[in-house]
Amino acid sequence: MRYAIYFTPRQDEPLARIAANWLGRDPFGAATRPVEAVAELSAAEVAFHTASARRYGFHATLKAPFRLAANETEASLRAALDHFAEATPVVTIPRLVASQIDSFFALVPEGPLPALNRFADDVVLGFDRFRAPLTEAEIERRSPDSLRPAEFRNLCQWGYPYVFETFRFHMTLSGRAGPQESPRLRLAIDSLFAEVLQQPVLVDALTLFVETEPGAPFMVLSHHALGRRPARRTA
C-alpha cells in the first residue's frame with residue numbers, strides 16, 4: 001500500500017469535473033468512465049493519450065507516493081494532515097495554462113508563484129517522517145541514470161526527484177506525445193479546458209490518495225481543508 005499527498009480540486013468543482021471526463025476516471029470513488037471524442041481526437045485517441053495519467057487521477061503532486069514508515073500509521077498521517085492544514089493559508093493560482101513538460105501535457109501556473117513553491121516545500125519537509133526509505137528497486141524504477149545530479153540527490157533524500165529547486169507545480173493531462181501528435185492533443189485540451197481556465201484556482205486543501213496494491217488506481221482517502229479554524233469560545 002502506498003499513500004500520496006496531492007492537491008486536487010473538490011469533486012464538484014468545474015475543473016475537477018472536466019478533468020475527470022477527459023481522463024476517464026474520478027479519483028473520488030467513481031468508477032472508470034468512457035472517454036469521449038474531443039476536437040480532432042477520437043475517443044480511442046483520447047483514451048490512449050490519457051492512459052498513464054488515468055491511474056493517478058487529476059492532481060498536482062506535493063508528496064509523491066510513498067510506503068508508510070514503520071513507526072507511523074494511517075491514523076497518525078491523517079491527524080498530521082489535519083494539523084498542518086489547519087495552520088496553513090490558502091494559496092491562489094491566478095491562472096493555470098496548458099503546457100508541455102518533457103513531452104507530456106499538464107496544467108501549470110501562468111507565471112512564477114513563490115508562495116506556491118514555499119507551500120510545496122513545507123509539505124515535503126513536514127511529511128517526510130511518514131515516508132519509508134526507498135528500496136533499490138524503487139530507485140531503479142525512477143531511471144536514476146537519466147536524472148540530473150540535483151534530481152538524483154532529491155530522489156535519494158526525499159523520495160522524489162522534483163522537489164525544492166527542481167519542483168514545478170503541474171496537473172498532468174496526458175502521457176508523452178511526439179511532435180506529430182502534440183498539435184492535435186493541444187487543440188483538444190485547449191478546446192475542453194479554455195473556459196474553466198479563465199478562473200483562478202484556489203489551492204485550498206491537501207488530499208490524501210491511496211494505492212491499495214501495486215498497480216491499483218490511486219483513490220482519494222481524505223480531504224483536508226486549509227485555513228485556520230476560528231478559535232472556540234470558552235466560558
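Observations, loosely collected:
- Of (1) 18.2; (2) 18.7; (3) 17.5, the label for Kirkwood radius over Cα pairs in Å derived from the coordinates: (2)
- Burial order of peptide ranges 134-141, 63-70, 203-210 (average beta-carbon count within 10 Å, highest first): 203-210, 63-70, 134-141
- Accessible-area composition of the chain, carbon plus sulfur, in percent [1.4 Å probe]: 53 percent
- Ranking by accessible area, most exposed first, for Met219, Met171, Met1 with a 1.4 Å probe: Met1, Met219, Met171
- Hz values of 3J(HN,Hα) by residue in segment 184-190 - Karplus curve (6.51, -1.76, 1.60), Gly and Pro given as x: 5, 5, 4, 4, 5, 5, 4
- Qualifying GluC sites (Glu not before Pro) for segment 148-235 [loop in DSSP, other Cβ within 10 Å: at most 10]: Glu195
- The chain: relative contact order as a whole-number percent, Cα under 8 Å and 6+ apart: 34 percent
- Exposure rank, largest accessible area first [Arg10, Arg131; 1.4 Å]: Arg10, Arg131
- Long-range amide H partners of Val91 with built H, under 5 Å: Val203
- Solvent-accessible area per residue, Å², over segment 1-109 with all protein chains present [probe radius 1.4 Å]: 43 Å²
- Highest-MSF residue in the chain out of Gln198, Gln157, Gln180 [GNM, Cα springs under 10 Å]: Gln180
- Contact order normalised by residue count of segment 7-74, Cα under 8 Å, 6+ apart, percent: 33 percent
- At 1.567 mPa s and 4 °C, Stokes diffusion of segment 34-92 via Kirkwood alpha-carbon radius, µm² per second: 85 µm²/s
- The amide H of His59, built 1.01 Å from its N in the peptide plane, has Thr172 as neighbours under 5 Å, considering only residues 5 or more places off or on other chains.
- Computed with a 1.4 Å probe on the full set of protein chains, the accessible area for Asp82 sits at about 70 Å².
- Divide the volume of the convex hull around the Cα atoms of segment 1-134 by the residue count and you get 146 Å³ per residue.
- Normalising the average separation of contacting C-alpha pairs (under 8 angstrom, six or more residues apart) by the number of residues puts the relative contact order of segment 121-214 at 18 percent.
- Within the chain, helix-based [θ] at 222 nm, where runs of 4 or more DSSP H residues each add -39,500 (n - 2.57), nearest 500: -10000 deg cm²/dmol
- Net lengthening on full extension, Leu125/Glu74 (0.36 nm per residue, minus Cα-Cα): 16.5 nm
- Computed E for Gln157/Ala37 - FRET, C-beta separation, R0 41 angstrom, nearest 0.05: 0.40
- Based on protein heavy atoms only, segment 142-235 ends up with 60 Å² per residue of surface accessible to a 1.4 Å probe.
- Within segment 153-229, all pairs of alpha-carbon atoms sorted by distance into 10 Å bins from zero give the percentages 13, 25, 42, 19, 1, 0.
- Nearest-10 value in Å² for the accessible area of Arg17, using the 1.4 Å probe: 120 Å²
- Karplus-derived 3J(HN,Hα), 6.51/-1.76/1.60, for each residue of segment 62-76, Hz, glycine and proline x: 10, 10, 4, x, 8, 7, 6, 4, 4, 9, 10, 10, 4, 5, 5
- For Ala177, the residues 5 or more places off, or on other chains, whose built amide H falls under 5 Å of its own are Phe104.
- Within segment 69-92, backbone nitrogen closer than 17 Å to the virtual label 7 Å beyond the Cα of Ala115 toward Cβ: 85-92
- With θ taken as phi - 60° and the Karplus curve 6.51 cos²θ - 1.76 cosθ + 1.60 applied, the whole-hertz 3J(HN,Hα) list for segment 153-158 is 4, 4, 4, 5, 8, 10 Hz, x standing for glycine and proline.
The values are calculated or read from the model by the stated rules, or taken from the named source; none is laboratory data. Computed from a predicted model, the values in this text were never measured in an experiment. Note that we place each Cβ from the backbone using ideal geometry, even for glycine, and neighbour counts take in every protein chain shown. Side chains are part of the model used for accessible areas, which takes the heavy atoms of the whole protein and leaves out ligands, DNA and RNA. Shrake-Rupley method; radii C 1.70, N 1.55, O 1.52, S 1.80 Å.
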